[in-house]
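Report on the structure given below.
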Amino acid sequence: MAQLEKMLSFARENYIPVMLDETRNLLQRLAEENKPKRILEIGTAIGYSGIIMLTSSPEAHLNTIEIDEKNAETARANFIEAGVYDRVNIFVGDAREIVTQLTGRYDFIFLDGPKGQYDSFLPYLTDVLEVGGLLVCDNVLYKGLVEHVPEHRHKHITIARNLNKFLNDLNRDKRFSTRLYRIGDGVTVSRRTGE
Ligand SMILES: C[S@@+](CC[C@H](N)C(=O)[O-])C[C@H]1O[C@@H](n2cnc3c(N)ncnc32)[C@H](O)[C@@H]1O
């Protein structure tokens, strides 16, 4: 889609992080195969991943959370251009607050927001994910730092430690069956298998 190429150029020029190609292919395949109906996304950015998920699952509705108002406005324009805006709600605000107030149920969650918060989000996201649903988390290896957490004085040490704890918690959680994909910046795909 020409629009997606245009969005990638815009993201590069404006230093806005969007998912890498391998991650995009995985997300697209997961959405096509699982045909979710209710998707929750943390970290809209300019709507690139949202458009991928919605065009890959034509019956899906997306609730997506973004803290940056400018990003959210750009995403809104992109959703309109892609013809999917009637299936989107953008929540502009801090996911740290919004996830604590989530209601409703989702069958697909894409976590791609603040990397240092994944672990604190996990209980809230688990609560709203249906049994059988998927939790997909991007950047879980965080530049290779998560499996080799620097000892001290590294600018990303807190994020690396938090993500390391997140991965351990997710792997130990018996309600999930988790697979780690060593693609892009590391992606986990967890199916909720139990209450
Ligand atoms: C990696 S980008 C998302 C990329 C997008 N999912 C994609 O692949 O097209 C992360 C986004 O999370 C947003 N973000 C960071 N902290 C946040 C927070 N506390 N609450 C909500 N959004 C946040 C950032 O502004 C940024 O747009």
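Read the figures in this text as sums done on the coordinates, not as results from a lab. It should be emphasised that the depicted structure is a prediction, and the values quoted were computed from it without experimental measurement. Using ideal geometry, Cβ is built from the backbone for each residue, glycine included, and neighbour counts are taken over all protein chains shown.
For this structure, a couple of remarks:
- Once backbone amide H atoms are built at 1.01 Å from N, residue 41 has 63, 64, 65, 110 as its partners under 5 Å, excluding neighbours fewer than 5 places away on the same chain.
- Semi-axes of the equivalent ellipsoid of the stretch 2-192 are 24, 20, 16 Å, computed as sqrt(5λ) over the eigenvalues of the C-alpha gyration tensor in descending order.
- Lys pairs under 28 Å by Cα in the chain, provided they are eight or more residues apart or on distinct chains: 22
- Each residue of the stretch 57-74 was assigned a 3J(HN,Hα) from its phi angle through the Karplus expression (A = 6.51, B = -1.76, C = 1.60, θ = phi - 60°), giving 9, x, 9, 7, 10, 10, 9, 10, 10, 9, 7, 8, 4, 5, 4, 4, 5, 4 Hz with x at Gly and Pro.
- The stretch 1-98: GluC sites (Glu not before Pro) in DSSP coil with no more than 11 other Cβ atoms inside 10 Å: 59
- Trypsin sites (Lys or Arg not before Pro) within the stretch 79-171: DSSP coil, no more than 16 neighbouring Cβ in 10 Å: 105, 153, 155
- The string of couplings for the stretch 102-110 from the Karplus curve (6.51, -1.76, 1.60, θ = phi - 60°) is 5, 10, x, 10, 10, 10, 7, 10, 10 Hz, one whole number per residue in order, with x for Gly and Pro.
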